[in-house]
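Structure record follows, encoded as structure tokens.
The values are calculated or read from the model by the stated rules, or taken from the named source; none is laboratory data. Every value quoted in this text rests on a predicted model; they were computed, and no experiment measured them. Backbone-built Cβ (ideal geometry, glycine too); neighbour counts: all protein chains shown. We work out accessible area using only protein heavy atoms, side chains counted, and drop any ligands, DNA or RNA first. Shrake-Rupley method; radii C 1.70, N 1.55, O 1.52, S 1.80 Å.
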Amino acid sequence: MPLPLIRPFLILPALAAIAATPPVDQPKPLAADASAAPAPAPAPLPPSFVAGTAGARDVVGVTHSAAGAADDVMNLARDSYNRMTVPVQIGTVAADGTTANVGPFSFLIDTGAERTVIARTVAATARLEPDGHGMLVGVAGLREVDLVKVDSITMGKRSLYGLVSPLLDAAAIGADGIIGLDGLQGQRVLLDFDGNRMAIGDARALGGDRGYDIVVRARRKSGQLIMTDALIDGVRTEIVIDTGSDTSIGNAALERALGRDHREETVQLMSVTGQNATANVGVARTLKLGELTLNNTLIAFTDAPPFERLGLRRRPALLLGMAQLRLFHRVAIDFGTRRILFAIPDAAKG
């Protein structure tokens with residue numbers, strides 16, 4: 001039988017649900033670039049970095065593994081062009097010292113990625129040549145990638161300088177590039193789902209704390225904000241908000257703690273690195289963050305490398321994706337104050 005589609009929804013104390021459905025480090029060193037033209041040695045870099053969990057097309061389809069059930073496929077992917085992006089300019093410095101900006105380009109904001117990533121097509125347009133190799137940690141494993149020096153990336157009034165970024169294919173990213181944690185520290189990321197826009201900036205410039213109903217505090221680990229006061233079907237779980245993935249991904253420790261066997265239902269996760277990984281699929285009846293409750297959360301279970309990178313491989317952990325975040329009116333991820341703020345839609349307050 002086909003896996004039933006279970007719609008996620010949101011519950012708050014004394015509030016109605018949105019939907020009527022019942023609840024049911026030591027990384028590898030960088031290799032030198034032997035093929036690049038002679039150039040000054042790049043500044044020392046972290047030897048490997050997390051790419052995030054693969055964007056809006058993480059989930060390709062859910063299938064039953066039983067023989068003869070190959071047609072039981074539920075497509076859970078969102079169109080990669082339906083994703084929220086920010087416009088950026090790429091700054092270049094010529095040999096004579098003159099500067100120029102190229103763009104605009106549409107970049108995703110990925111709170112699950114350590115580094116800012118550039119699409120090969122953007123690098124070609126900006127005439128940026130590969131200058132070294134690095135190991136990229138994706139949801140499906142490690143992959144060696146080309147690195148490129150970027151003089152500057154400008155988003156509105158904010159600029160990042162002196163970046164060394166991995167190069168990936170635009171088709172795998174689903175955009176022209178990714179703004180990672182190296183460009184988000186000290187800033188607030190605003191996800192305005194009603195206006196279908198993302199923004200980065202100072203908390204005050206983005207409206208402060210007005211209009212938010214729930215505030216959850218987090219701890220910092222490797223630049224990430226990790227919410228520790230969470231329960232998934234009664235299991236204490238550490239949660240990272242991952243704006244680069246539409247799907248929520250749980251580790252094997254969470255699957256074991258929930259005491260369920262999901263091996264008959266699997267999903268293919270597609271990474272921005274172009275690699276695929278197979279994950280088990282299950283539904284969490286309740287996901288509680290303080291006073292906030294999400295019901296019917298679809299989770300893909302796999303021990304993705306980012307969990308180990310964050311020290312979360314051995315205890316229950318979840319990368320909370322955009323499918324659940326879209327249940328809200330707005331979500332603000334404030335790296336400066338280590339808080340996540342949620343604005344509840346009016347439909348949930350009626």
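Tabulated values for the structure
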{"item": "Hits in region 303-327 - residues which are buried (at least 19 other Cβ atoms within 10 Å of the Cβ) and over 17 Å from the mean Cα position of the chain (by Cα)", "result": "316"}
{"item": "Conditions (1) of a type in the set (A, V, I, L, M); (2) surrounded by fewer than 17 Cβ atoms within 10 Å (Cβ to Cβ); (3) modelled with pLDDT of 90 or more: number failed by residue 147", "result": "(2)"}
{"item": "Cβ-Cβ under 7 Å pairs, at least 6 apart or on other chains, region 319-335 side of a type in the set (Lys, Arg), far side open to solvent by less than 10 Å² (accessible area, probe 1.4 Å)", "result": "330/190; 330/191; 330/343"}
{"item": "Scan of region 200-238 for residues that are at positive phi, of a type in the set (Gly, Ala, Ser), over 19 Å from the mean Cα position of the chain (by Cα) and open to solvent by 40 Å² or more (accessible area, probe 1.4 Å), ordered by number", "result": "211, 234"}
{"item": "Contacts under 6 angstrom Cβ, first residue in region 172-191 being surrounded by 23 or more Cβ atoms within 10 Å (Cβ to Cβ), partner part of a loop (DSSP other than H, G, I, E, B) and small (Gly, Ala, Ser), 6 or more apart", "result": "174/56; 178/113; 180/113; 188/203"}
{"item": "Total residues in region 301-325, condition at positive phi and in contact with a helix residue (DSSP H, G or I) (Cβ under 8 Å, 6 or more places away or on another chain)", "result": "0"}
{"item": "Residue 117 vs. criteria over 23 Å from residue 305 (Cβ atoms), surrounded by 24 or more Cβ atoms within 10 Å (Cβ to Cβ) and in contact with a Gly (Cβ under 8 Å, 6 or more places away or on another chain)", "result": "no"}
{"item": "Options 128, 108, 168, 136: the member that is surrounded by 15 or more Cβ atoms within 10 Å (Cβ to Cβ), farther than 21 Å from residue 223 by Cα and within 17 Å of the chain's Cα centre (by Cα)", "result": "168"}
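Yes/no matrix, rows are residues, columns are (1) surrounded by fewer than 23 Cβ atoms within 10 Å (Cβ to Cβ); (2) among the aromatic types (Phe, Trp, Tyr); (3) at pLDDT 90 or above:
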| residue | (1), (2), (3) |
| --- | --- |
| 240 | yes, no, yes |
| 249 | no, no, yes |
| 259 | yes, no, no |
| 282 | yes, no, yes |
| 286 | yes, no, yes |
| 297 | no, no, yes |
| 301 | no, yes, yes |
| 336 | yes, no, yes |
